[in-house]
1. Within the stretch 290-309, take every residue that is in contact (Cβ under 8 Å) with a residue 60 or more places away in the chain and among the small types (Gly, Ala, Ser) and give me the one that is farthest from GLU194 (Cα to Cα).
2. Looking at the stretch 158-198 only, could you name the residues that are of a type in the set (A, V, I, L, M, F, W, C) and closer than 17 Å to GLY69 by Cβ?
3. Within the stretch 37-70, can you find the residues that are closer than 29 Å to GLY175 by Cβ and more than 14 Å from the chain's Cα centre (by Cα)?
4. Being of a type outside the set (S, T, N, Q) and touching a residue at least 40 places away in the same chain (Cβ under 8 Å) is the filter here, so list the residues in the stretch 135-151 that pass it.
5. If I go through the stretch 227-278 residue by residue, how many of them are touching a residue at least 60 places away in the same chain (Cβ under 8 Å), in a loop (DSSP other than H, G, I, E, B) and touching a Lys or Arg at 6+ places or on another chain (Cβ under 9 Å)?
6. Could you run through the stretch 180-215 and say how many residues are acidic (Asp, Glu) and part of a helix (DSSP H, G or I)?
7. Given (1) β-branched (Val, Ile, Thr); (2) surrounded by fewer than 20 Cβ atoms within 10 Å (Cβ to Cβ); (3) assigned to a loop (DSSP other than H, G, I, E, B), where does VAL218 come up short, assuming only one miss?
8. If you go through the stretch 294-305 one residue at a time, do you hit one that is modelled with pLDDT of 95 or more, part of a loop (DSSP other than H, G, I, E, B), of a type outside the set (S, T, N, Q) and more than 18 Å from GLU72 (Cβ to Cβ)?
Amino acid sequence: MVGTHRRRGGHGRRVPRCDRFARTHRRNRAVTRQSVTVIRPQVRKYGQLTSLEVEVAKEDNALLILPVGACEQHGDGLPLSTDSIRADHVAMAVAEELAVAEEPAAAEDLVGSDRTVPGRAFVLPSIDYGVSPHHGNLPGTVSLDPRTFVDVVTTIAGQLCDSGFTRILVITGHGGNIAALGVAQQVLLSSHPELAFAYSPVSGLATETTAALPRTEVSGHSGESETSQMLAIDDRLVDSAHLSAGATALDELSPRARLTRTKSPSSAVTFDQYSDNGVLGDPRTATAAAGQDILGEVISALVAYSREMLRL
């Protein structure tokens, strides 16, 4: 019989030719993997690394940066993904600043704090949904439950730590994520104490430049600062013709909404209780130049902090 062998397997069963070929092929196949010792210098994103380069990144104790944002209303002139766009922009800028040569030419001439810190940073795929129930009454908002957000962050960070990465910096463009990130940090401190896990907002770091930016008495979400940043990142994403002021003065707010503007104690209302368009401040006064200044201060602060993380 053509194509059939009478060799029998266990219990007298005939072994099909295809199965015997597959078994022989598996026995004869050499199980080897290639290796690399350096990462392609242009790579800044974790998702652009190959599996071989990931091993190098772990050996180099690379810092991983996780941008998190939101998909929520930002008034009539800013895109729903404003917070994600800003977080991504800052994360990539920090990674660029931290990129160093394998062997800096003048490293031997640098001493003390001027010495370049070995190590690189890679930007993880972003989380583009956040904790936004306070924006839910206005069009476009898609929010995660806070527990879901914590689970997503801790799952990602925990798996990365289990695989060998021990430094993660989360950059959030959305202030509503901060409380949940604090919970995630405590969960990870218990489950992965070896992991250095830090998080930071974007706008909150620009204290000097934001203070110098002309603002109304009430300012914040989709206002002068955020709009300036978006103009600096990509003015094509800003619908300037439809920018409009929202709540600008404390006496415009209801008593409950007014209480939320104190730093402590903390309380909250939905953003439709501030203004019809969900804006705090007057985005029409925003400028790209102010946005560059704000982003520059934020990036500088995060680069300095990241270098300290790389020294751990």
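1. Residues of the stretch 290-309 in contact (Cβ under 8 Å) with a residue 60 or more places away in the chain: 290-299, 301-303, 305-307, 309.
Retained after the next criterion (residues that are among the small types (Gly, Ala, Ser)): 290-291, 296, 301, 306.
On the way: ALA290: 39, GLY291: 37, GLY296: 31, ALA301: 24, SER306: 17 Å.
Residue satisfying both the conditions and the ranking: ALA290.
2. From the stretch 158-198, those of a type in the set (A, V, I, L, M, F, W, C) are 160-161, 165, 168-171, 178-181, 183-184, 187-189, 195-198; that's our starting set.
Listed by number, the residues that qualify are ILE168, LEU169, VAL170, ILE171, ILE178, ALA179, ALA180, LEU181, ALA184.
3. The initial filter retains those residues of the stretch 37-70 that are closer than 29 Å to GLY175 by Cβ, namely 44-47, 62-70.
ALA62 - this is the single residue of the stretch 37-70 that is closer than 29 Å to GLY175 by Cβ and more than 14 Å from the chain's Cα centre (by Cα).
4. Within the stretch 135-151, the subset of a type outside the set (S, T, N, Q) is 135-136, 138-140, 142, 144-147, 149-151.
Within the stretch 135-151, HIS135, GLY136, LEU138, PRO139, GLY140, VAL142 meet the criteria.
5. 3
6. We begin by selecting, within the stretch 180-215, every residue acidic (Asp, Glu); these are 194, 208.
Narrowing the set further to residues that are part of a helix (DSSP H, G or I) leaves 208.
Selection size over the stretch 180-215: 1.
7. Here VAL218 meets the rest and fails (2).
8. As a first pass, look at the stretch 294-305 and keep what is modelled with pLDDT of 95 or more: 294-305.
If we keep only those that are part of a loop (DSSP other than H, G, I, E, B) too, we end up with none.
No - not one qualifying residue is present in the stretch 294-305.
The values are calculated or read from the model by the stated rules, or taken from the named source; none is laboratory data. Source: prediction; values computed, not measured. Glycine also receives a Cβ, built like all others from the backbone with ideal geometry; neighbour counts cover every protein chain displayed.
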